[in-house]
Every structure is written in structure tokens, then in C-alpha cells.
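Chemist: Mind having a look at this structure? Questions to follow.
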Amino acid sequence: MATQKPTKFDQVDWDNLTGSGRFKISINMKLLLVTGVPVLLLGLYDHFLVGDREATFVRLGEDLGLSSQFEALGLDFNPTSVDILFVFTIFLFLWYLVLPLYQNMRMTKYYWKEFKRNRPAVISLIWLTIIFVGGVLGPFFVAMPEQDLFAAYQPPVFGSIDQVHVNQCVGEISDGRCQGTWEYPLGTTRGGQDVLAMVIHGMTVTMQIAFITTMIVAAIGITFGTVSAYAGGWVDEIMMRFVDIVLSFPTLLFFLLILYIYGAGLGMFILVFGLFGWGATARYVRSKALSVSEEEFVKATKISGAGTYRIVRRHVVPNTASSIITQLTLIIPGFLLAEAQLAFLGIGDTAVPTWGQAISSGRNAIDFAPWIVLVPGMALFLTILAFNFLGDAILDALNPEAEAESEK
Amino acid sequence: MTEPILSVRNLKKHYPLKKGLFNRQVGAVKAVDGISFDIAPGETLGLVGESGCGKSTAATSIIRLEDPTEGEVVFNGGGRAGATRREDGTHPNDVTKFNKRELKRFRRDAQMIFQDPSSSFNPRMPVGDSVGELLQVHGMKNRAQRRAIVGDLLERVGLSADDYDRYPHEFSGGQKQRIGLARALVLNPDFIVADEPVSALDVSVKAEVLSLINDVQEEFGLSILFISHDMSVIRSVCDRVAVMYLGEIVEIGDTDEIFADPQHPYTEALLSSIPTPNPRIRGEGIELTGTVPSPSNPPSGCRFHTRCHKVIQPDQLDLEQEVWRRLLDFTQYVEKGEFDIDDIRETVTLDDEHDPTEEELKEQIRDEYDLPMTLTDASAEQVLNEALDNLVTDNEAAATEQLTSEFTTPCAETKPDYTTHGDGHRSSCLLHDEYAEAEVALSDD
């Protein structure tokens, strides 16, 4: 080093301080830019340049002149805009939630120590991890369930069904009952679709709903809540009245209206419910931000000369995070249930295999082929339960202050 | 006299009270109502007073965490020395008029230590980052340099450099307060406001932190405004003391002098509240009667007159001081409508079960409010007796009229000026005013 920088606080010459760098971008931001921007560009490309009937990656290969390489690698996917948004959200989740946990190992260990006290929550976390991994990777290994009328109503492995209900039994027939096989471990539906494949593809949809709506709700809710808390006065008043409107907005009816006019896919469902689901979060964030901004450490930061943006970004928002995360884990089940209900009523997106649809497809056969309803039903039930347990446990784990105070 | 590092002039902070649909202002809480003092370089000034008297508001207004309503805070530290007033009378070093850039510069020269160690650090940030953030905000971009400086500073306040990465919940209150001091020091300021820095700590830890503050002050020549409600803490760290009551400074002077010879009755009362180890002197504390008045509607005249044990008697009366105080308290009760004859009646009926006579009721009232059965001053006795007659016959308005017109103190009418007792020791009490002296002279005749 050419010049030794002073390492004692009273030797710093503040008036001639030469900073070593310009505006610095955090590693998290860099990673997001490197990974997220291509995904978003792909989304735009898919939306504007690729035709309806073309597969995105095939077209991309043609445009880049790399068709043969793409073919060799098996890159022939045709992601929907929901898929692309999902991938982007996962990157956001990785770089801004998982990576910080790694960067602050000390705090993470502490959180984990607190979190694992809650057994049901640990099991919930394992279950949700399975759903997440299954949802993200499953579709690459398990094909979309396809109609095969000859394989209709096959029972799950170790189960059996009366012979009269099946056209053709894949397994053995004994005592007039068709036995299940490993070919269809969880049985099949009336159309002969593999229930296991349906559940795995349903995981993807579930995770897409959970992640994307959460991102929309969190982004709008946190911004709205903190701005409202910090602006105060009539701005606060107007913003909160707007939240009242959002909260009392009949989202379901609005969605049905859109459905009848434009027809609504999964993307529209996520968009509508995300855009009208942030009211409670905004209110929550506002009240939390108000109470945090009265804390002495915020005053201490203010007196250090820091600007409002810095105070909000580095001190207020991180300290509202525990409540925000909890609140979000508690509203996700609402979205999942809403989707399942719509699918059950037959007004969901028929192009995507959701759990709600699987449940709905089995309702006529519930007396002799109950697995069609039970398997996706249990998956949905357990997932919702897991989110609820997780929310509770996170609230307890992410609150070092409460812990420190109770030790006194 | 050398130039003070900080001079506060007539500082006021009023919080508006708003009401109704259109937020009309209906009054103001006068948390700080015109205080003035100077702090010399390297000096510690103690600001003492009971809870709610405006000490902390004074501190936050001086350091401009809140904008004061009125007044001037001239800060001459950090290379601002020797400035003279502009032609329009404003001072270039007036903190209350600093613009954004000047204010940020001021933040480097004046810092603050907070009261509650458990909430003065961001629980989700390693303490080293919390301290180093100040360096970052003021333009030090080099992370390694920040870390070195903060590590060195943590060692100086008695912790280890490795504590940089630990989180606030991993420290004890005393340790956190040391880190709080480190945070206040990290920008190398000239002036620190310490807002009750030890009131949340155990006695033993308190002493350690106080001696650390003392050491640091000597080493770096800091000036400190030390706020506390604890007279014994003040005595151990402060060079001078300012005593605050309801938003005003009632007495200011050298610590030794104030402790040896307090001039204001309120200071006397505060001093008598210090616990003494000597059992023989115990129990002689001055007990202040009445409740603390609201700062939104402070008493007229001397603000302390509603609770003062030395409140002045009018010329025509000659009562024992204690009796006079109780008589005034009784008058206040009746005036505020807090007196309830039915309560008295009930108490009497409880004792013996027949309808109480008027005489019995009057006795009970005197008993309840610690008034003697007959006052030594005949005219006062007559007025009190008539007022009591009115009270027992449920004629409260007439009683109030009689009491308030007869039992008035000059303290409620005249606002006392500061009297100098030599060498910067000032107090504001009518007892020291010429007015009072004249009274004494008259009554001696």
C-alpha cells in the first residue's frame, strides 16, 4: 500500500478523506443482475418475438444459430411467462434471503437454534423443502401426466380396486380385484393420468403461486407501508385509506369478471390476487415501521448523519422483517386455497395441472377410487399446515430482542 | 473567559396539542421553555431534574434530533471557533439554523449516548457494523480501515476487537453502554450528550461506565452534557450542574457549590433525596407535596410554588411554614374540585353510626388534610373556618372563593429573576429577590 490509512479514530483527517471506491454494488445485487436480468430478457423475448405455437428455446436456438447444440442438449423447453417469473423470483429468494443467511453465519446459527426448538416447524420446513425441490426439478424428470384410457382407475401400489371399474388392469387380478403396481405408485385417474406425476406437477404450480404472489405482495406491501409510515401527515392518511379500499376490494368477484371477459390462466390468477392481496401486509409493515422508528437505535443512526433512505433500508426494514416474513407465510395458504377452490369449481386454468384440479377430477369416483382425491388433497392440506407452522416458528426465532428481554 | 464550546440561549421546544376534525392547535406542551447555559471546552455540565421536566427534550433539541421551537444553540467546536455574529444578529455557528450540509458536518463533532442499552443498537446488525456505519456515512469507503478503527476503539472502551462481529443480544447492558460510548466517539467529536447513560445499569457496572466516561473525556478533551435524575451520579462526574424544573432551569452553578449550599428550594429537595449511609441523618429528607403540574399548563409565577416547601406567605399572615404549605395544598384541592364532601361524610359515618354533625365533618376535614384544629393566626383561622362551613353545607364555590382570595402566595404572582450568588452560581427564587428582601425588612419593623 502506498499510503498507510490511519487505523485510530482520532487520526482520521475527515476533511481530506479519499474514498477508495465509487458507488459500490453489493455482491447480492451483482448476483441478481447476472442471473435475473437474462431471465427477464428471456421473458421479454418470449413475449414479443416468439410466436404462440413456437417453443421458446427452439426459436432461441434458431435465432442464435445454435439449433444443433440446443438439440443435442435437449433444450426444447417452452416456458410460460409464469415459469420465467418463477425462476426470477427464485433468484431473488436465493440472493436476498438465502445468501444473507450464509453471509451472517453467526445470526443464522442463532436463528436455527431458536427455530429447531419447534419440532412441528422443523418437519414443516422439511415438507416444504420437498415440495420446493420437487416443484422446481420434478418437471424435468417427470413428464406431464398424459391421457391413457386403457390405464384408467389403476389403484395405487398395495391397493386394489374392483375389476368392473377398470378397462384393463396393469397389474395382477386376484379375487376379481385389480392390484396396484409400481408403474403407477399412486394410482391413476379416470383418464389414466398418473396421480404421482399430477402431484409433482402440482408442486410446481403451488410453488409458483407461493413465490410469485409473495414477491408481488412483499414488494408493494413493504414499499407502501414504510413510505406511509415515514411520510406521515396527509400522505400517510391517503395511503392508508387506499389500503382500506384494497382490503375491501372483492378480489374473487373481480377475478371472475376478468375470467368471463378475457379467460384467465394461472398468470392472471397470480397477478390479480397478488395485486390485491398486499393490503394487510402494508398495514402491518406500517405499524411495525412506526414502532421501530421510535427505537433509540434509529435515533442513533439519525444522529450519525445518515439519510432517511439508509435508515429505512438498513435499520427499519430489516427489523420489520420478522413480522413481514411471518405475515407472508400466513397469507400464502390463502392464495393456495383460493386457487384450489377455483380449480375445484372448474373455473381455474385447465392448462396447468394443479392440485385443485386433481381433486376435482376425482370427485365422481370418490366411492371406489378415493386416491384420486385423497393424494392431492393431503398434499394441499399438509402444505397449508406447514406454512402455518412455519410462520409461527419464524416469528419466535427471528426475534432476538424478545429473547434477550425474557432472559433478564 | 474563553469561548464556550456550546452556548444555549433561550431554547424552547413546544409540542403542539391538536384537537378536532381540522387539527386545530389548542395549546402546547412546553417541554422546554427557555433555557440558557454555556459549556466550556473540556467541561461536563450536568442537567438534573425529575422525570418529565424536559431534560431529554432539551438534549434532543440541542443536538437537533428535533427542531427546537425557538432559541439559539451556538456550537463553537470542530474548528468553528472565533466566529462572530453576522450583521443581522444571527450566529454562523447556530445549530438550529444549520442547513443539511452543515448539519452533517455538525454530526461529526457532536454525538450522543443513549439511555437504554438494550434498544440503542440494531438487533440485526453486528455491533461493529453499527459503530462503523458512522464512518461509512461520513465517506470512509474502505471496509478494512473501518474495521481496524472500530476494533481499536472497542479495545479502548474495554472490549475486544473480536467483538466486532457479535450481535447486541450477546452483550450485557454495561458492555452495550461501552459500545454506545465507542459509537459516540468513533467520529472523534468535541462534544457528547449523554442522556442518562447509566440509569439502566447496576450499581457496580454504573461506576465502571462512569469512570470510563471520565477517562475518555480526559484523554480526548471532550465536553459533555450529562443528563441524569440521580444527584449522586451528577456529583461524581460533573463540573457544573443545571437543575431543571418543568422546562426551566431553576439553579445553575459549580457542582461543589450547589451540593454544599443549594439556593433553590427545589435543589434542596433533590439533594435531600440522596440516600446517606449515616442512619442518624436519615429521615430528614424534604418531601415534596402535591403532584407534578402538567407542562401544557404550567403554574403561574414561580413554577415550583405549587410544591415548594419554602413557599412565601403573604404579609398579613404569620403561620408555621409547614402549616402554610398544607393550607395551600388544601386550597389547591378545593380549587381543582378534587375535594369531595361525601367522602368525608362517609369516613365519619364509618366510625360511629349516626348522621355526622357539621362540627364533626369540619374536624374530619382538618384531620384528613393535616390541618391543625386551630390556626395560630387568628384571621387565617376565621377564613378557614368560614370556608369549611361552606364546604360542609355543599357550597363549594363560595369556599373556593374565600380560600383563594385569602391564601395566596406572592410566588404565584411574580416570576422570579435569576439571582447571582457569585462565580456563575445563579438561581431563580423569590426568596432571593429584592422583593422578598424588602418584605423581610418590612416585617422586621
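The values are calculated or read from the model by the stated rules, or taken from the named source; none is laboratory data. Here the structure is a predicted model, which means the values were calculated and not measured. Every residue, glycine among them, receives a Cβ derived from its backbone with ideal geometry; neighbour counts consider all protein chains shown.
Chemist: When only residues in segment A:256-270 that are surrounded by 19 or more Cβ atoms within 10 Å (Cβ to Cβ) and more than 16 Å from A:G334 (Cβ to Cβ) count, which is nearest to the other protein chains (Cβ to nearest Cβ)?
Modeler: Out of the qualifying residues, it is A:L266.
Chemist: Right, here's the next one. Restricting to segment A:366-378, name every residue that is surrounded by fewer than 22 Cβ atoms within 10 Å (Cβ to Cβ) and either touching a Ser or Thr at 6+ places or on another chain (Cβ under 8 Å) or not in a helix (DSSP H, G or I) (or both).
Modeler: Once the filter is applied, which keeps residues that are surrounded by fewer than 22 Cβ atoms within 10 Å (Cβ to Cβ) and either touching a Ser or Thr at 6+ places or on another chain (Cβ under 8 Å) or not in a helix (DSSP H, G or I) (or both), segment A:366-378 yields A:I366, A:D367, A:F368, A:P370.
Per-residue answers, yes or no, for (1) crowded, with 18+ Cβ neighbours inside 10 Å; (2) under 28 Å from the mean Cα position of the chain (by Cα); (3) not in a helix (DSSP H, G or I):
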| residue | (1), (2), (3) |
| --- | --- |
| A:E62 | no, no, no |
| A:E71 | no, no, no |
| A:V98 | no, yes, no |
| A:K109 | no, yes, no |
| A:W127 | yes, yes, no |
| A:Q168 | no, no, yes |
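Chemist: Still on this model: Here is a list of conditions, (1) within 11 Å of another protein chain (Cβ to nearest Cβ); (2) on the phi > 0 side of the Ramachandran plot; (3) not aromatic (F, W, Y), and B:K104 meets all of them except one; can you say which number that is?
Modeler: B:K104 satisfies every listed condition except (2).
Chemist: Taking the condition within 14 Å of chain B (Cβ to nearest Cβ), touching an Asp or Glu at 6+ places or on another chain (Cβ under 7 Å) and more than 25 Å from A:F255 (Cβ to Cβ), does A:A397 pass?
Modeler: yes
Chemist: State which residue is nearest to the other protein chains (Cβ to nearest Cβ) when the search covers only segment B:81-101 and only residues that are in a loop (DSSP other than H, G, I, E, B) and crowded, with 19+ Cβ neighbours inside 10 Å.
Modeler: This residue is B:N93.
Chemist: Sticking with this structure for a sec: For segment A:177-209, what are the residues that are touching a strand residue (DSSP E or B) at 6+ places or on another chain (Cβ under 7 Å) and small (G, A, S)?
Modeler: First, the residues of segment A:177-209 that are touching a strand residue (DSSP E or B) at 6+ places or on another chain (Cβ under 7 Å): A:177-180, A:184, A:188, A:194-195.
A:G180 - this is the single residue of segment A:177-209 that is touching a strand residue (DSSP E or B) at 6+ places or on another chain (Cβ under 7 Å) and small (G, A, S).
Chemist: Follow-up question, since we're still on this one. For segment A:276-299, what are the residues that are without any contact (Cβ under 8 Å) to a residue 60 or more places away in the chain, within 14 Å of chain B (Cβ to nearest Cβ) and either touching a Phe, Trp or Tyr at 6+ places or on another chain (Cβ under 8 Å) or farther than 25 Å from B:F114 by Cβ (or both)?
Modeler: Across segment A:276-299, the qualifying residues are A:E296, A:F297, A:K299.
Chemist: Let me ask something else. Give me the helices (runs of 4 or more DSSP H) completely within segment B:241-358, filtered to those with at least 1 residues that are at pLDDT 85 or above and surrounded by 13 or more Cβ atoms within 10 Å (Cβ to Cβ), ordered by residue number.
Modeler: Ranges flagged: B:255-260, B:265-272, B:321-336.
Chemist: Take segment B:213-228 and flag every residue that is at negative phi and either crowded, with 18+ Cβ neighbours inside 10 Å or small (G, A, S) (or both).
Modeler: B:I213, B:V216, B:Q217, B:L222, B:S223, B:I224, B:L225, B:F226, B:I227, B:S228
Chemist: Select from segment A:20-40 the residues that are surrounded by 11 or more Cβ atoms within 10 Å (Cβ to Cβ) and at pLDDT below 75 and list them in ascending order.
Modeler: Residues satisfying the conditions are A:S20, A:K24.
Chemist: Inside segment A:300-349, can you point out the residues that are without any contact (Cβ under 8 Å) to a residue 24 or more places away in the chain, crowded, with 18+ Cβ neighbours inside 10 Å and aliphatic (A, V, I, L, M)?
Modeler: Across segment A:300-349, the qualifying residues are A:A300, A:I303, A:A306, A:I311, A:A343.
Chemist: Same structure, new question: Pairs please, first residue from segment B:407-418 and assigned to a loop (DSSP other than H, G, I, E, B), second anywhere and among the β-branched types (V, I, T) and surrounded by fewer than 20 Cβ atoms within 10 Å (Cβ to Cβ), Cβ atoms under 9 Å, 6+ apart in sequence or on different chains.
Modeler: Partner pairs satisfying both residue conditions: B:F407/B:V383.
Chemist: I've got another one for you. Give the residue, chosen from A:V164, A:V142, A:V157, that is modelled with pLDDT under 85, in contact with a strand residue (DSSP E or B) (Cβ under 9 Å, 6 or more places away or on another chain) and over 22 Å from A:Q208 (Cβ atoms).
Modeler: Going through A:V164, A:V142, A:V157 in turn, just one is modelled with pLDDT under 85, in contact with a strand residue (DSSP E or B) (Cβ under 9 Å, 6 or more places away or on another chain) and over 22 Å from A:Q208 (Cβ atoms): A:V157.
Chemist: For the list (1) of a type in the set (S, T, Y); (2) surrounded by fewer than 22 Cβ atoms within 10 Å (Cβ to Cβ); (3) touching a residue at least 60 places away in the same chain (Cβ under 8 Å), I need the number of the one condition that A:T204 fails.
Modeler: (2)
Chemist: Taking segment B:61-106, which residues are farther than 25 Å from A:T308 by Cα, modelled with pLDDT of 85 or more and among the polar types (S, T, N, Q)?
Modeler: B:N76, the sole residue that qualifies.
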